[in-house]
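K.L.:
Please see the structure below; I have some questions.
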Amino acid sequence: MKNNKPLIDQVALVTGASSGIGRAIAMAMGNAGAKVAVNYVSSEEAAYRVVHDIKLSGGKAMAVRADVSREDQVRAMYEEIVNEYETIDILVNNAGVQKDSNFTDMTLEQWQRVIDINLTGAFLCAREAAREFIHRGVVPERSKAAGKIIFISSVHEVIPWAGHVNYAASKGGIMLLMKSIAQELAPQKIRVNSIGPGAIKTRINRAAWETPEAEADLLRLIPYGRVGDPDDIGKVAVWLASDESDYITGTTIFADGGMLLYPGFATGG
Ligand code: BGC
């Protein structure tokens, strides 16, 4: 039973789960047996559709609204989930935005919004999760760990990105946020890791793949020769949340079709 439902009886919160990578992760966690809290901020209908789809495939799910950058809303969201499902075993910090601009024109608002959601939101959700994990401790029938935190980072935690400095700074910040929390919480049996997606076909980067010309351009950056699918990330998230990866903490797993392999050097340098 545990083999095909590695997350059975565990509760997973996925932030920004009404669309894109978050939706795929929520679905994958549901299929793996977890009870899923589907967080959204404005797309209520889409979030309820994800809940519906998880239930259709035999899983359990609830929708929960919160702006992850707001401390009061994050606290209320955790309370709501704990009231419904008793605890939380897995947090996937997925909620994220891009507000692109060339550097000299970037407004403080564009900078702040991205840092607030991508970095501060991840901090707030991780802190609440860690408090719950420590308070509850390890439940051996469910998992060897007291809890698992997964950040959805990006290849841009290491690849500089002109025209997107707010986004790249938020992801670079996530890298050391993740590692520092991992270092601090390992003795309490909490595993903290990131997934670093490359180009995955979602709304956030539609312009980069929606025309054949754009896609051909993008593929020059991806040695493996295809743009990623949200399910590529869902599968990694389930594995990283399961006891199959019990000895892994403080690491970013890049799922990027080789984007980080400096493809320009394949024929140059
Ligand atoms: C960004 C996408 C981009 C990808 C690869 C992601 O983190 O959100 O817009 O296509 O990185 O550059």
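The values are calculated or read from the model by the stated rules, or taken from the named source; none is laboratory data. In this text the structure is predicted, and so the values were computed from the model without any measurement. Every residue, glycine as well, gets a Cβ built from its backbone with ideal geometry; the counts of neighbours run over all protein chains shown.
K.L.:
Does LYS171 satisfy being in contact (Cβ under 8 Å) with a residue 24 or more places away in the chain and within 11 Å of the ligand (Cβ to nearest atom)?
P.N.:
yes
K.L.:
Testing VAL68 on (1) under 22 Å from LYS201 (Cα atoms); (2) part of a loop (DSSP other than H, G, I, E, B); (3) of a type outside the set (Lys, Arg), one condition comes back false. Which one is that?
P.N.:
For VAL68, the exception is condition (1).
K.L.:
In the set GLY225, GLY257, GLY250, which member is touching a Phe, Trp or Tyr at 6+ places or on another chain (Cβ under 9 Å) and part of a loop (DSSP other than H, G, I, E, B)?
P.N.:
GLY257
K.L.:
Identify, from the list ILE149, ILE159, the residue that is among the aliphatic types (A, V, I, L, M), part of a loop (DSSP other than H, G, I, E, B) and touching a residue at least 24 places away in the same chain (Cβ under 8 Å).
P.N.:
When all the criteria are applied, what remains is ILE159.
K.L.:
Go through the stretch 141-157 and give me each residue that's among the hydrophobic types (A, V, I, L, M, F, W, C), more than 11 Å from the ligand (Cβ to nearest atom) and under 17 Å from the mean Cα position of the chain (by Cα).
P.N.:
ILE149, ILE150, PHE151
K.L.:
Test ALA129 against the stated conditions and say whether it is more than 13 Å from the ligand (Cβ to nearest atom) and modelled with pLDDT of 95 or more.
P.N.:
Yes, satisfied.
K.L.:
Give all pairs with beta carbons closer than 7 Å in which a residue from the stretch 233-244 that is basic (Lys, Arg) meets a residue that is buried (at least 24 other Cβ atoms within 10 Å of the Cβ); count only pairs at least 6 apart in sequence or on separate chains.
P.N.:
Listed pairs, sorted by first residue: LYS235/ALA28.
K.L.:
How about the stretch 190-220: which of its residues are among the charged types (D, E, K, R) and either within 12 Å of the ligand (Cβ to nearest atom) or over 24 Å from ALA122 (Cβ atoms) (or both)?
P.N.:
Of everything in the stretch 190-220, those that are among the charged types (D, E, K, R) and either within 12 Å of the ligand (Cβ to nearest atom) or over 24 Å from ALA122 (Cβ atoms) (or both) turn out to be LYS201, ARG203, ARG206, GLU210, GLU213, GLU215, ASP217, ARG220.
K.L.:
Here is a follow-up. What are the pairs with Cβ atoms under 7 angstrom where one residue, in the stretch 207-226, is under 11 Å from ASP256 (Cα atoms) and the other, located anywhere, is at pLDDT 95 or above and within 9 Å of the ligand (Cβ to nearest atom)? Sequence gap at least six, or different chains.
P.N.:
From residues that are under 11 Å from ASP256 (Cα atoms), the pairs are LEU221/MET259; ILE222/GLY198; ILE222/ALA199; ILE222/MET259.
K.L.:
With the condition kept exactly as written, say whether any residue in the stretch 37-59 is closer than 30 Å to PRO160 by Cβ and either out of contact with any strand residue (DSSP E or B) (no Cβ under 7 Å at 6 or more places or on another chain) or part of a loop (DSSP other than H, G, I, E, B) (or both).
P.N.:
Among the residues of the stretch 37-59, at least one is closer than 30 Å to PRO160 by Cβ and either out of contact with any strand residue (DSSP E or B) (no Cβ under 7 Å at 6 or more places or on another chain) or part of a loop (DSSP other than H, G, I, E, B) (or both), which makes the answer yes.
K.L.:
Among residues belonging to the stretch 221-240 that are surrounded by 15 or more Cβ atoms within 10 Å (Cβ to Cβ) and small (Gly, Ala, Ser), point out the one that is nearest to the ligand (Cβ to nearest atom).
P.N.:
Once the filter is applied, the top-ranked residue is GLY228.
K.L.:
Go through the stretch 73-126 and report how many residues are of a type in the set (D, E, K, R), away from the ligand (no atom under 15 Å from the Cβ) and not in a loop (DSSP other than H, G, I, E, B).
P.N.:
Adding up the residues that qualify gives 7.
K.L.:
If you take the residues of the stretch 162-195 that are crowded, with 20+ Cβ neighbours inside 10 Å and not in a helix (DSSP H, G or I), which of them is farthest from the chain's Cα centre (by Cα)?
P.N.:
HIS164
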